[in-house]
Amino acid sequence: MRYILLLIILIPVAEVSVLLLSSHLIGLWPTIGFLLLTGVLGAYLAKKQGLEAVRKVQEQLRYGQMPGDAVLDGICILLGGILLLTPGFLSDIIGLLLLAPPTKILFKRMIMKGFKSWMDRNTFTVIR
């Protein structure tokens, strides 16, 4: 819990610092324009990839397959879209990495490793 509190404090401080540095280096209006552009791009990419992930899940369920990889894609797309809609350059970079196919593979492995460690420690509960 203390790590979450630390992240809640440090992440906004880092975002504001980078925004101030950016507005000093390239100017206020280009900084605002870039933030608006990444927000629109994030919404577009999240919608496009999200609909594709939902289609894959439905197709796999229709054929009686477990949609594990498609669900992990959906998690990455959801997190990436949220981060791209959040103002700030650091969150935009992480959001784009979550949506880019080559780096999405790395994040999916990290998510699976996290789920497996939760299950191994009996800290992951499925509620019906």
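Brief remarks on what is shown
- Among 46, 14, 70: highest mean-square fluctuation, GNM of the chain, C-alpha pairs under 10 Å: 14
- Using the rule -39500 (n - 2.57) for each DSSP H run of four or more residues, divided by the residues of the chain, the 222 nm mean residue ellipticity is -29500 deg cm²/dmol.
- Remark on region 71-112: ratio of C-alpha radius of gyration to 2.2 N^0.38 Å is 1.04.
- The charge dipole of the chain, taken about the Cα centre with unit charges on the Cβ atoms of Lys, Arg (+1) and Asp, Glu (-1), comes to about 460 debye, rounded to the nearest 20.
- Dimensionless Rg ratio for the chain, taking C-alpha atoms and the 2.2 N^0.38 Å reference: 1.26
- Shown for the chain are the DSSP H helices of 27 Å or more along their axis, judged by Cα atoms, with a mean Kyte-Doolittle hydropathy of at least 0.5: 2-26.
- Counting 0.36 nm for each residue step from residue 100 to residue 5 and taking away their Cα separation leaves a gain of 31.3 nm.
- 10 Å-binned pair-distance histogram of region 17-63 (Cα, whole percent): 25, 28, 20, 16, 11, 2
- Residue 43 versus residue 24: modelled label distance in nm, points set 7 Å from Cα along the beta carbon direction: 3.2 nm
- Nonlocal Lys pairs with alpha-carbon distance under 25 Å, region 2-120 (8 or more apart, or different chains): 13
Rule-based calculations on the coordinates, nothing more; no lab input. In this text, all values refer to a predicted model and were calculated from it rather than measured experimentally. Here Cβ is always computed from backbone atoms with ideal geometry, including for glycine, and neighbour counts include all displayed protein chains.
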